[in-house]
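Right, one structure below, let's go through it.
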Amino acid sequence: MAGIGGAETTAKKTRWGILNAVVVIYALFPVLWIVSLSFKSKDTLADGNFIPRSWTFDNYSEIFKTTEFVRALANSIGIALIATAVAVVFGTMAAYAIARLDFPGKSLLVGVSLLIAMFPQVSLVSPLFEIERSLGLFDTWPGLILPYITFALPLAIYTLSAFFREIPWELEKAAKMDGATPGQAFRRVIAPLAAPGVFTTAILVFIFCWNDFLFAISLTSTERSRTVPVALSFFTGSSQFEDPTGSIAAAAVVITIPIILFVLFFQRRIVAGLTSGAVKG
Amino acid sequence: MAGLGVARAVGFVAPALLLVGVFLVFPALWTLYIGVTDYQLTGPAAAAPSAVGLDNFAAVLDDALFTNSLWLTALFVLGSAVVGQNALGFALAWLLRRVRPWLRRTTEGLVLLAWILPGPVVAYLWFAVLSRDGGTLGLLLDDPTTAWLVQYPMVSLVVFNVWRGTAFSMLLYTSALAAVPPSQLETARLVGANGWQAVRDVVFPHIRGHVLTNTLLISLWTANDFTPFLLTAGGPNHESEVLPVLIYRQALEGGRLGYASAMSSLLLVGNLVVALVYLRLLRRRA
């Protein structure tokens, strides 16, 4: 189909050009709009111009002056990092056992993981709220970290098992026969093969924790542990009488940056991670 | 290795199981339990909830808000996931399968971005696009008086969710299409099949399993999705109150924990039934 005749190619190129433009507008337009809002000065916010008439960094410098936002950003980063680290360690252990060891109920475990990975979060909000209030976890870091780990684990186990199934584990034996100690065999042979899968899973888990809104709004009540997605919805502007649009736009851009960087640098891995389980399933 | 294997395996799996047990299975069971009590967030029934049997369930099934919400959720899933995301995802995967890698990667990246941006951010983006005064769409159509989210809340939600969720379908179909033998497509072309016939008779039999998996996953995700809350909060007047939003509002805004838990239980059971049917279908295929 590709590149048959000259005339057809030109027509095709035009068609692709149009299609591509449509896709770019479709996906990118709202994002660019908010970036543009975040750089507009207060009096031009509502002018509807796509390109700001007067550029300003005020919105950014202002949100970084409020503890409301800075605290939320610190919470977001800390909670997401800790939850990701723990979930990936526990998930790797479980997936390793599933890939390498024989035990009863193994296939059930993978199936149940998949089931749980699609659990309706909202149905657990009120019991979690109760449990955390009685344990004193409500509105604390662990109060968010623990549910995040729990909700990320099934996904992590499922994705990691799909990756680990592809690892040629005989290589470990071969390395030992060549005189490597078990530790060396693991470090030199298996770890490098497993690392991409683990890394991919870590990205997915981090994105999940970073983006969560439902748990964060139900299980926190103060700045102490409120994360940015929630803080965003409480934004009132730096003073009470100000239109918060500019601040919200700037804060939205700030929490979007890590996600955009992930997609830019790790797109192929994310795609592999998202489709690995489902395609083989 | 087998005997040692079990002990080691338990050690490896235990931390994960423990966490999932305490923070997921236990709350889920608790939901089922609260569902048969008159538990409230405040008031006398908060201190000493009493069992009311299946009264909550009977009341829920009789509640016009619940029936309304069930209908809206069905509409939302059917419109945005089963039809919208499936069709658009497949179309994108199909159109992009032969283009140059950089173009494909760029498109893929952009569509992916819509999917993984934080919910509050995308909700805010869509506010900016759909709002009445100075909304982008209003400016583009030169129609500043339409408040899309108020006048057409469900249509807005469906369009929004197609925009947001198409990435997964597209990625899944892209890798599914890679497994279709090119020679068969070539043959179809030689015997004069048009694009649609080729998709129907050559491609579809190969990717039937993927269509099933994809439809199941996106349906469940859509049915459980809480993002509509951020866009319309269920309003105006319950016109876009899909199930997760209704449950949230009943529980945390209305304080009727028992009642909301009965709804949650029904949602849980619904999820479970759909997933089990799917697993059976898959097993029969394999």
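Assorted remarks:
- Of all residues in the range A:74-89 being hydrophobic (A, V, I, L, M, F, W, C) and touching a helix residue (DSSP H, G or I) at 6+ places or on another chain (Cβ under 6 Å), the one that is surrounded by the most Cβ atoms within 10 Å (Cβ to Cβ): A:87
- Counting only helices (runs of 4 or more DSSP H) wholly contained in the range A:33-142, the ones carrying 2 or more residues that are among the polar types (S, T, N, Q), within 14 Å of chain B (Cβ to nearest Cβ) and out of contact with any Gly (no Cβ under 7 Å at 6 or more places or on another chain) occupy A:67-100, A:106-117, A:122-135.
- Test result for residue B:93, open to solvent by less than 30 Å² (accessible area, probe 1.4 Å), in a helix (DSSP H, G or I) and modelled with pLDDT of 85 or more: yes
Residues checked against (1) under 30 Å from residue B:228 (Cβ atoms); (2) open to solvent by 40 Å² or more (accessible area, probe 1.4 Å); (3) assigned to a helix (DSSP H, G or I):
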residue	(1), (2), (3)
A:145	yes, no, yes
A:152	yes, no, yes
A:155	yes, yes, yes
A:176	no, yes, yes
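- Residue that is most open to solvent (accessible area, probe 1.4 Å), among those in the range A:124-143 that are small (Gly, Ala, Ser) and modelled with pLDDT of 85 or more: A:134
- Of the candidates B:58, B:14, the single residue that is modelled with pLDDT of 80 or more, at the interface with chain A (Cβ under 9 Å from one of its Cβ atoms) and open to solvent by less than 70 Å² (accessible area, probe 1.4 Å) is B:14.
- Some residue of the range A:19-31 being in contact with an Asp or Glu (Cβ under 6 Å, 6 or more places away or on another chain), modelled with pLDDT of 70 or more and part of a helix (DSSP H, G or I): no
- Some residue of the range B:63-80 being open to solvent by 50 Å² or more (accessible area, probe 1.4 Å) and within 12 Å of another protein chain (Cβ to nearest Cβ): no
The values are calculated or read from the model by the stated rules, or taken from the named source; none is laboratory data. All values reported here derive from a predicted model rather than from experimental measurement. Note that we place each Cβ from the backbone using ideal geometry, even for glycine, and neighbour counts take in every protein chain shown. These area figures cover heavy atoms from the full protein model, side chains too; ligands, DNA and RNA do not enter into them. Shrake-Rupley method; radii C 1.70, N 1.55, O 1.52, S 1.80 Å.
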